[in-house]
1. So what is the relative contact order for chain A, in percent, with contacts set as C-alpha pairs under 8 Å and at least six apart?
2. Starting from the amide H of residue A:46, placed 1.01 Å from N in the peptide plane, find each other amide H under 5 Å away whose residue is 5 or more places distant or on another chain.
3. Which of the residue pairs A:78/B:67; A:11/B:56; A:11/B:102 have a Cα-Cα distance greater than 29 Å in the structure shown?
4. Could you list which residues have their amide H under 5 Å from that of residue A:88, counting only those 5 or more apart in sequence or on another chain, with H placed in the peptide plane?
5. May I ask you to derive the relative contact order of chain B, considering only C-alpha pairs under 8 Å and at least 6 residues apart, and to give it as an integer percent?
6. Near the amide H of residue B:30, under 5 Å away, which other amide H atoms are found, from residues 5 or more places off or on another chain, if H is placed in the peptide plane?
7. Loop-only GluC sites (Glu not before Pro) in the stretch A:33-114, please: DSSP not H, G, I, E or B, and at most 15 other Cβ atoms within 10 Å.
8. Over all residues in A:104-110, what is the mean tally of Cβ atoms on other chains that come within 10 Å of each residue's Cβ?
Amino acid sequence: GAGVSQSPRYKVAKRGQDVALRCDPISGHVSLFWYQQALGQGPEFLTYFQNEAQLDKSGLPSDRFFAERPEGSVSTLKIQRTQQEDSAVYLCASSFFPGVRNQPQHFGDGTRLSIL
Amino acid sequence: QKEVEQNSGPLSVPEGAIASLNCTYSDRGSQSFFWYRQYSGKSPELIMFIYSNGDKEDGRFTAQLNKASQYVSLLIRDSQPSDSATYLCAGPRPHYNFGNEKLTFGTGTRLTIIP
């Protein structure tokens, strides 16, 4: 596709349920990022992939959060045993090549997750 | 202190005037900065980046970077109602690892252009 695609756009889950959020980056983009954006805040970094390798997961808030990108393209962010504080918009971004400064990150429209 | 700070606003500017958005950062190691525009319910959209001291102009937008004072700003000339959005300032985390240019965002400034 032309841009970063995320699905679903909206997800409502009950507290304690597991959820899976999908990101389809721009074709050929090596770098993939996940961010969490709370209401009225800027996005906060969660994790980074270079192809299929998860090189940085320092932003994941707890071990309930897990991300993968097994074939170096589509990525899934999974949240187990969801809590109300997990309610946020989850943004995925991709960029063409790592190590090249100032190249833009292209964002998807996000998944708005609401935990009841 | 947050690594990147913005006035959260909201900021209201009459149509046709200049909108000025400001951002400060704490780490002198930060090399480059990005301005993203985010409409409600939409993804952040890159509008400018700057990595050299001074001004960078692109159409109605001018980004300014002052590394000595550790601030970066965005000026929007001839403001239009379509410029009404939240503007996010972002910089790469200063310590690169494996080419990971993860971004640190400010909280965003909500701008409203009044017709």
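1. Working: 299 pairs, mean separation 42.8, N = 116.
Across chain A, relative contact order equals 37 percent.
2. It is A:34, A:35, A:36, by chain and number.
3. Distance filter (> 29 Å) returns A:78/B:67; A:11/B:56.
4. Correct list: A:113.
5. Values: 280 pairs, mean separation 42.6, N = 115.
Relative contact order, chain B: 37 percent.
6. Those lying under 5 Å, H to H, from residue B:30: there are none.
7. A:52, A:71
8. That average works out to 5.
Rule-based calculations on the coordinates, nothing more; no lab input. Worth saying up front: this structure is predicted, and the values here are computed from it rather than measured. Positions of Cβ are backbone-derived with ideal geometry, glycine not excepted, and every protein chain shown enters the neighbour counts.
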